Amino acid sequence: MRHPLPRLAVAAALVAVTTLPAAAQQSTSAAQRPANAGNRSSDLTADLLTDIDQVERKIVGLARAIPADKYGWRPGPGVRSIGEALMHVAADNYLMPASIGQAPDSAVGIKGGDYKAAQAYERRQLDRDATIAEVERSFAYLRKSLKATPAARLGQRISLFGQPFTLQQGWVMTTTHLHEHLGQLIAYARSNGVVPPWSQGG
């Protein structure tokens, strides 16, 4: 599993234009903060949870719509197959929260920064039903981890893949990462004649 630094840098830049710099967040005293600052953080968490729910419905919907005998299909040598792409989503749903300080899921064994464990997890050869079950369990862990993050900690500085971020930026990146693979899976599905369930009219 690769996490190219240029992509992380772009993601960080995109997040930075929509959030206060961490230094500015930390230097603002409680008396200077707007009365609704905590609410804005809660709203962000709620928005991310809503987005995660929507992405999960689409990814799982695609996973169920793609025939089981197509799970080994890949667009070219050395590229993830359909089944492997789904397991990669599940692996990163465990790896990303653990890497930004959440307690890892002991049943899965993927700890923060443990890329070897994540790679071993996503390379398991499972049938379609088992793969979908793994994806659904990973999304449950992802939501639980996000809900367990106090809004007051979102400005905290962390290191993620060797790069400096705030905890808020880490959660935004974790969520937007899902859209990258949703797009990948849409392309995989259509390459195999499968129309996404939510766009059956076109």
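Any idea which of (1) among the β-branched types (Val, Ile, Thr); (2) open to solvent by 20 Å² or more (accessible area, probe 1.4 Å); (3) under 30 Å from Ser199 (Cβ atoms) is the one Ile158 doesn't satisfy? All conditions pass for Ile158, except number (3). A search for C-beta distances below 6 Å between a residue of the stretch 122-149 that is open to solvent by 10 Å² or more (accessible area, probe 1.4 Å) and any residue that is among the charged types (D, E, K, R) and at pLDDT below 95, counting only pairs 6+ apart in sequence or on different chains, returns Tyr141/Asp105.
Would you please name the residue that is most open to solvent (accessible area, probe 1.4 Å), looking only at residues in the stretch 101-121 that are part of a loop (DSSP other than H, G, I, E, B) and of a type in the set (D, E, K, R)? It comes out as Lys111. Residues that are assigned to a loop (DSSP other than H, G, I, E, B) and either of a type outside the set (A, V, I, L, M, F, W, C) or more than 23 Å from Asp43 (Cβ to Cβ) (or both) within the stretch 134-183 comprise Thr149, Pro150, Gly155, Gln156, Phe161, Gly162, listed in sequence order. When Ala98 is evaluated against the numbered criteria (1) more than 22 Å from Tyr188 (Cβ to Cβ); (2) assigned to a loop (DSSP other than H, G, I, E, B); (3) of a type in the set (A, V, I, L, M, F, W, C), which criterion, by number, is the only one it fails? Answer for Ala98: the failing condition is (2). Screening Pro77 on (1) under 23 Å from Gln184 (Cα atoms); (2) part of a loop (DSSP other than H, G, I, E, B); (3) open to solvent by less than 60 Å² (accessible area, probe 1.4 Å) shows it passes everything except condition (3).
The values are calculated or read from the model by the stated rules, or taken from the named source; none is laboratory data. None of these values were measured; they are calculated from a predicted model. Virtual Cβ from ideal backbone geometry, glycine too; neighbours counted across all protein chains shown. Only protein heavy atoms, including side chains, enter the accessible area calculation; ligands, DNA and RNA are left aside. Shrake-Rupley method; radii C 1.70, N 1.55, O 1.52, S 1.80 Å.
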